[in-house]
Number of protein chains: 2
Amino acid sequence: MTRLSAERRREAIIHAALAVARRKGLAATTVRDVAAEMGSSSGLIHHYFDSMDEVLAAAFERVAKEDLEQTEAMLADLGDPAAVLAEFLGSYGRVDDDWAFQLWMDAWAEAARRPVLRATSARLNLAWAALLERTIRAGVTSGVFHCTDPGGAAWRILSLVDGLALQVVAHRTTVDRADMLAWATRAAEGELGLSAGSLGNGARRADAATRPR
Amino acid sequence: MTRLSAERRREAIIHAALAVARRKGLAATTVRDVAAEMGSSSGLIHHYFDSMDEVLAAAFERVAKEDLEQTEAMLADLGDPAAVLAEFLGSYGRVDDDWAFQLWMDAWAEAARRPVLRATSARLNLAWAALLERTIRAGVTSGVFHCTDPGGAAWRILSLVDGLALQVVAHRTTVDRADMLAWATRAAEGELGLSAGSLGNGARRADAATRPR
DNA sequence: ATGGAAGTTGCGCATGTGTCCAACTTCCGG
DNA sequence: CCGGAAGTTGGACACATGCGCAACTTCCAT
C-alpha cells in the first residue's frame, strides 16, 4: 500500500468504510471489507482506530454532517425559502438510491441502547429540524409562507418525510417513491398556507430524481 | 428440557425470542440467546423454524399483530370514526412506555437484511394504513370528515405519527410526548377538514397517558 | 409391553468477526 | 548513507454466528 500520513490515512479509512457501508449497510461493514476497499491490510485500520466501533461512528457522523452542511449551504446560497424547501423534499425522493437513509434507520433503532450514538443522532436530527424552522421563518418574514407555528411545522414536515421514507426504504412495496414526494409536498404546502402545486409537482420531480445523489 | 407439544414449543420459542429482543434488540438476538432463555438446546429452534429470520419475523408479528387487532376490534365496536382516530393517536402518546415501538424500529432497520422479517413488517404496516383508510372513509361517509384522498391521508397520518414517535422513543429529547400528540392531532384535523380541538385536546390526553399500556 | 413417532440434545462444521502483534518496508533527518 | 521512526503487513487468536445432524429420551397407540 502506498504510504500515507496519519491524517490522510484516517480520511482514507473513513472514505473506504463509507464506500462499503453504501453497499452493505453500516451494521454489516467489517474490518476486512474496509481493508479490501482500501487495498490494504486489516491491521492498518486498528493502527488508526482503537476499535471498529469508532470507525463506524466516525463514518456515520461524516455522512450525516455532510448532508446537513450541504443543505445549510444551499439555504445560505439561494435565499428563496420555497426553493430550499422544494429541494429538501426532493432530496428525500432519492432515498431509495440512498444508503444514507438506511444508516439513519440503523441509528434510530440502536439509539435506545447506545448512549453515544443516541447523542450524535439526536444532535443531528435537532439540527435538521432547526434548519427547517429557519427556512420556514425566512419564508414567513418574506411573506411567501403563512405559518403560526414554525417550530411545530418543521418537526411535522421532517417527521412526515422520515416516516414516509422509512416505508420506501424498509419495505420498498408499501409506499411508492413518487407518492412519498407528492404527499410530503402537499402536506408542506398545507402547513405553510401555499396553494397546491406551488412547491413543485411531486410526480415530475420524482422522475427527475432517478439518478443517485 | 420438559417436553412440549409442537404448538406450545413454537410459542415458547417466540416468547423467549421476544424476551431477548427486548434486552438486546431484534438485530442482536441470536439462536443461542433464545435457546439459553428457554433453557434448551440451540438445535431445538431450528427444529421448529427454518431460519433465524423466521423466528424474528414470528416474534415481531406476535407483538405487532396484537396491537393491530385490538384497534381493529375497537373500530368494529365503537362506530364513531372520530373516536377511533382519537384513540389511535392517543395510543401513540404512550409509545415511550411501550417497547412495541422499539420493536417496530428494529424491524424497519433489519428489514433490508432479513427478507422474511421485511415481508411481515410490510404486511402489518399496510394493514395499519388500510385500517386508517377505512376509518377515514367511514368518517367521510357519515359526514364528519371531509377528505378527497383517504388513501393518501391514511399514509400521511400514519407516517407523521411514526416519524414523531421515532423521535420520542429513539432520542427522548428532541420531541416531547405531549408535542407529538398535539402536533399529530392538529395535522389529522387538517387532513380531515375538522376544526382545531375536535379530535381532543392533545395536551390533556398526554397527561392521562403517563401510565404504561 | 413394545415399537414407532415425535421432541430434544449437543456437538460439529463452515464461515465470519474484532483484535493483537512481531516482522517487514519505506521514508527522512542527521 | 545509515539508522531510527513511522507506516504497513498478514496471519494468529479467541470467540460468535447460523445451520445441520445423528443419537438420545420420552410418550403414546397398538
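The values are calculated or read from the model by the stated rules, or taken from the named source; none is laboratory data. Not measured: the values here are computed from a predicted model. Methodologically, a virtual Cβ is constructed for each residue, glycine included, from the backbone with ideal geometry; neighbour enumeration extends over all protein chains shown. Ligands, DNA and RNA are excluded from the accessible area calculation, which covers all protein heavy atoms including side chains. Shrake-Rupley method; radii C 1.70, N 1.55, O 1.52, S 1.80 Å.
Quick notes on this one:
- Gyration tensor verdict on the range A:1-119 (Cα atoms; rounded if a/c is under 1.5, prolate if a/b is larger than b/c, oblate otherwise): prolate
- Surface composition of the protein assembly as shown: carbon plus sulfur atoms contribute 51% of the solvent-accessible area (1.4 Å probe, protein chains only, all chains present).
- For A:ARG62, the label point sits 7 Å beyond Cα toward Cβ; its separations from the matching points on the remaining copies run 4.1 nm, from shortest to longest.
- Alpha-carbon centroids, the range B:146-178 and the range A:74-97: separation in whole Å: 21 Å
- The phi torsions of the range A:118-128, fed into the Karplus equation with coefficients 6.51, -1.76 and 1.60 and a -60° offset, translate into couplings of 4, 4, 4, 4, 5, 4, 5, 5, 4, 4, 4 Hz, rounded to whole numbers, with Gly and Pro shown as x.
- Across chain A, the mean sequence separation of Cα contacts (distance under 8 Å, 6 or more residues apart), normalised by length, yields a relative contact order of 20 percent.
- Rg over Rh [alpha-carbon atoms, Kirkwood Rh] for the range A:57-120: 1.05
- Number of partner chain Cβ atoms within 10 Å, mean per residue of A:18-27: 1
- The mean count of C-beta atoms from other chains within 10 Å of the C-beta of residues in A:174-186, rounded to a whole number, is 3.
- Per residue, the convex hull spanned by the alpha carbons of the range B:1-49 comes to 63 Å³.
- Most fluctuating residue given options B:ASP162, B:ASP97, B:ASP77, as computed from a GNM of chain B linking Cα atoms under 10 Å: B:ASP77
- The convex hull built on the alpha-carbon positions of the range B:99-164 has an orientation-averaged projected area of 5.0 nm².
- Taking the Cα atoms of chain B, the ratio Rg/Rh between the radius of gyration and the Kirkwood radius comes to 1.03.
- Peptide A:109-122 has a mean shielding of 5, counted as Cβ atoms of other protein chains within 10 Å of each residue's Cβ.
- In sequence order, calculated HN-Hα J values of the range B:14-25 (Karplus, 6.51, -1.76, 1.60; Hz; x Gly/Pro): 4, 4, 5, 4, 5, 4, 5, 4, 4, 7, 10, x
- Sorted from nearest, the other copies put their B:ALA130 label points 4.4 nm away, the label point being 7 Å from Cα in the direction of Cβ.
- Computed from phi, the 3J(HN,Hα) profile of the range A:77-91 under the Karplus parametrisation 6.51, -1.76, 1.60 (θ = phi - 60°) reads 4, 7, x, 5, x, 5, 5, 4, 4, 4, 5, 4, 5, x, 5 Hz, with x in place of Gly and Pro.
- Per DSSP, loop trypsin sites (Lys or Arg not before Pro) in the range A:1-69 with at most 15 further Cβ within 10 Å: A:ARG3
- Based on DSSP H segments of at least four residues, each scored -39500 (n - 2.57), the protein assembly as shown has a per-residue ellipticity at 222 nm of -23500 deg cm²/dmol.
- Chain B contacts chain A over a buried accessible area of about 3100 Å², both sides summed; the probe is 1.4 Å and only protein chains count.
- Span from the the range A:2-25 Cα centroid across to the the range B:119-142 one, whole angstrom: 45 Å
- Taking a ≥ b ≥ c as the square roots of the eigenvalues of the Cα gyration tensor, an a/c ratio of 1.5 or more together with a/b no larger than b/c marks the protein assembly as shown as oblate.
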